[in-house]
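K.L.:
Just passing along the structure, written as structure tokens.
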Amino acid sequence: MKLAHLILAHSEPKQLELLITKLTYPDATVYIHLDKKTSVEPFAYLMDFENVFFIEDRVKVYWGSYNIVEATLNGFKQILSSGHKYDYINLLSGQDYPLKSQQYIHSFLSQNPGKAFMNYRLFNPDWMEALPRIQSYHFNNLQIPGRYTFQRIINILFPQRELPNKLIPVGRSQWFTISSDCVDHILKYWDSNAGLRRFIKLTWAPDEFIFQTILFNSEYKNRLVNDDLRYIDWSGGGVSPKTLTMADADKLVTSGKLFARKFDRKNDGALLDFIDKHNRD
């Protein structure tokens, strides 16, 4: 079972290095998309690591914007065109960390071939607060002065938007682990539907729903497993998940999840050491 990890990173090269070392395994390869706003220089030494590759087509990533989708797609394309055959592709951020050994993770995925492990809810009725993401125009992807004023005017003048192709919108979390044939379907559908590409560029945080939506509305729907295999704590009620600390240690190692986010090595490196020790015991 061959696994490609695609990491979306923008900071903290030493924490990224630690993540890479924990993902190292004979049948694993790591691909890194580094935000184009970030200098490559502090990360350049990671290019010398075995089975580590940087995504060549980098984009500037802004929170909640379409370009996160673009960065992910660029990563998918490079992975599938690499000449290597992967069974699964695992999408991570630079602040993620494995909760299980690589042997366990690879064994688990080997026992579940062809699946798409990703959280998803129907926008209607299960995630109603997400409907404005697609019903309204969003210009956060356009880094120009006055874009939000223009956005308000457009949304007053124009009717609610609807997803092209009568797609049923589903989504929840942008992080997932899915089989390569699911990724291949996503890329083919995306490339053959110009109307969808135009539509998505004017939505809010499409990275949290576009990939699930494409699979949910396809013959791959029965591959979906409504579990992203990640421990993420949203108890803070904000727009970002909680940064995990030693106070979360027991919950992490008893969660049964394969990965977790998000971590800050500088402020609580002891938590990562605790996880490592648990995986060795």
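K.L.:
Classify the range 192-261 as rounded, prolate or oblate from the Cα gyration tensor: take a ≥ b ≥ c as the square roots of its eigenvalues, call it rounded if a/c is under 1.5, otherwise prolate when a/b beats b/c and oblate if not. All intermediate terms of the calculation are to be shown ahead of the outcome.
P.N.:
Values: a/c = 4.38, a/b = 1.79, b/c = 2.45.
It comes out oblate by the Cα gyration axes.
K.L.:
Hey, what did the range 151-281 get for relative contact order, percent, Cα under 8 Å, at least 6 apart?
P.N.:
Values: 107 pairs, mean separation 27.7, N = 131.
Relative contact order comes out at 21 percent.
K.L.:
Can you bin the range 128-274 into rounded, prolate or oblate? Criterion: square roots of the alpha carbon gyration tensor eigenvalues sorted a ≥ b ≥ c, rounded for a/c under 1.5, prolate for a/b above b/c, oblate for the rest. Walk me through the numbers before you get to the answer.
P.N.:
On the way: a/c = 2.58, a/b = 1.45, b/c = 1.77.
Verdict is oblate for the range 128-274.
K.L.:
In 5 Å bins starting at 0, how do the alpha-carbon pair distances of the range 1-81 split up by percent?
P.N.:
Final binned percentages: 3, 15, 28, 25, 19, 8, 2, 0.
K.L.:
So for the range 97-226, taking the charge dipole from beta-carbon charges (+1 Lys/Arg, -1 Asp/Glu), which of 220, 98, 145 sits furthest toward the positive end?
P.N.:
Of the listed residues, the answer is 145.
K.L.:
Right, next: Where the centre of each part is set by its Cα atoms, how far does the range 19-44 sit from the range 67-93, in angstrom?
P.N.:
Result: 13 Å between the Cα centres.
K.L.:
Suppose a student asked you for the relative contact order of the chain, using Cα pairs under 8 Å spaced at least 6 residues apart; what percent would you report?
P.N.:
On the way: 466 pairs, mean separation 61.6, N = 281.
Computed value for the chain: 22 percent relative contact order.
K.L.:
Let me ask something else about it. Could you work out how far helix 13-23 tilts from the main Cα principal axis of the chain, as a 0 to 90 degree angle to the nearest 10?
P.N.:
70 degrees
K.L.:
Can I ask one more? Quick one: if the Förster radius is 22 Å, what FRET efficiency do residue 188 and residue 221 give, using the C-beta to C-beta distance and rounding to 0.05? Walk me through the intermediate numbers first.
P.N.:
Values: r = 16 Å, r/R0 = 0.72.
E between residue 188 and residue 221, to the nearest 0.05, is 0.85.
K.L.:
Still on this structure, please answer the following. Return the subset of 37/221; 22/257; 166/262; 201/221 for which the Cα-Cα distance in this structure is over 26 Å, preserving the input order.
P.N.:
On the way: 37/221 36 Å; 22/257 16 Å; 166/262 35 Å; 201/221 24 Å.
Check vs 26 Å cut-off fails for 37/221; 166/262.
K.L.:
Further question: Could you order peptides 173-186, 56-69 by the average number of other Cβ atoms within 10 Å of their residues, highest first? Present the calculation step by step, with values, prior to reporting the outcome.
P.N.:
Values: 173-186: 21.6, 56-69: 18.2.
Averaged packing, sorted descending, gives the order 173-186, 56-69.
K.L.:
Next question. For helix 147-157, report the angle its Cα long axis makes with the longest principal axis of the Cα atoms of the chain; keep it between 0 and 90° and round to the nearest 10°.
P.N.:
50 degrees
K.L.:
Take peptides 208-218, 116-126 and line them up by average Cβ neighbours within 10 Å, highest first, as a rough protection proxy.
P.N.:
Details: 208-218: 23.0, 116-126: 18.9.
So the order, starting with the most tightly packed, is 208-218, 116-126.
K.L.:
Does the range 42-201 classify as rounded, prolate or oblate by the C-alpha gyration tensor (a ≥ b ≥ c root eigenvalues; a/c under 1.5 gives rounded; else a/b over b/c gives prolate, otherwise oblate)? List each step's numbers first, then the result.
P.N.:
On the way: a/c = 2.08, a/b = 1.57, b/c = 1.33.
It comes out prolate by the Cα gyration axes.
K.L.:
Would you kindly derive the ³J(HN,Hα) couplings of the range 207-212 from the backbone phi angles with the Karplus curve 6.51 cos²θ - 1.76 cosθ + 1.60 (θ = phi - 60°), listing them in order in whole Hz, with x for Gly and Pro?
P.N.:
4, 8, 8, 5, 6, 5
K.L.:
Next up: Multiply the residue gap between residue 250 and residue 56 by 0.36 nm, knock off their C-alpha separation, and tell me the result in nm, one decimal place. Please list the in-between numbers first.
P.N.:
Numbers: separation 194, 0.36 × 194 = 69.84 nm, distance 3.90 nm.
Using 0.36 nm per residue and subtracting the Cα-Cα distance, I get 65.9 nm.
K.L.:
Hey, can you find the accessible area per residue of the chain for me, probe 1.4 Å, expressed in square angstrom?
P.N.:
On the way: 13430 Å² over 281 residues.
Per residue, the chain has an accessible area of 48 Å².
K.L.:
Moving on to the next point. In terms of modelled amide H atoms, which long-range or inter-chain residues lie less than 5 Å from the amide H of residue 121?
P.N.:
171, 172
K.L.:
In units of 2.2 N^0.38 Å, what is the alpha-carbon radius of gyration of the chain?
P.N.:
Normalised by 2.2 N^0.38 Å, the Cα Rg of the chain equals 1.00.
K.L.:
Within the accessible area of the chain, what % is carbon and sulfur when the probe is 1.4 Å and the other protein chains stay in place? Walk me through the intermediate numbers first.
P.N.:
On the way: 6870 of 13430 Å².
The nonpolar share, carbon plus sulfur, comes to 51 percent.
K.L.:
Another question, if that's okay. How do 248-258, 6-16, 88-98 rank on mean C-beta neighbours within 10 Å, highest first? Don't skip to the end; give the middle numbers.
P.N.:
Values: 248-258: 15.3, 6-16: 19.2, 88-98: 23.2.
Highest mean packing first, the order is 88-98, 6-16, 248-258.
K.L.:
Okay, moving on. Under 8 Å for C-alpha pairs, at least 6 residues apart: give me the relative contact order for the range 37-141, rounded to a whole percent. Could the numbers behind the result be given before it?
P.N.:
Values: 35 pairs, mean separation 24.3, N = 105.
Answer for the range 37-141 is 23 percent.
K.L.:
Where the centroid of each part is defined by its Cα atoms, how far is the range 201-241 from the range 103-160 in Å?
P.N.:
8 Å
K.L.:
Can you sort 54, 76 by solvent-accessible area, 1.4 Å probe, largest first? Don't jump to the answer; show the numbers that get you there.
P.N.:
Numbers: 54 35, 76 0 Å².
Order by accessible area, largest first: 54, 76.
K.L.:
Between residue 6 and residues 5 or more places away or on another chain, which pairs have amide H atoms under 5 Å apart, with H built 1.01 Å from N, and which residues are they?
P.N.:
31, 90, 91, 92
K.L.:
Multiply the residue separation of residue 126 and residue 103 by 0.36 nm, subtract the distance between their alpha-carbon atoms, and state the gained length in nm to one decimal.
P.N.:
Answer, rounded to one decimal: 4.7 nm.
K.L.:
Calculate how steeply helix 67-80 sits against the longest principal axis of the alpha-carbon atoms of the chain, using the helix alpha-carbon long axis, and give the answer as 0 to 90 degrees to the nearest 10.
P.N.:
Compared with the principal axis, the helix lies near 60 degrees.
K.L.:
OK, next. When the chain is fully extended, how far beyond the present Cα-Cα distance does residue 157 get from residue 39, taking 0.36 nm per residue of separation? If you can, show how the numbers build up before the last one.
P.N.:
On the way: separation 118, 0.36 × 118 = 42.48 nm, distance 4.10 nm.
Computed gain between residue 157 and residue 39 is 38.4 nm.
The values are calculated or read from the model by the stated rules, or taken from the named source; none is laboratory data. On a predicted model such as this, the values are computed, not experimentally measured, just so you know. Reconstructed Cβ throughout: ideal geometry from the backbone, glycine too, with neighbour counts over all protein chains shown. These area figures cover heavy atoms from the full protein model, side chains too; ligands, DNA and RNA do not enter into them. Shrake-Rupley method; radii C 1.70, N 1.55, O 1.52, S 1.80 Å.
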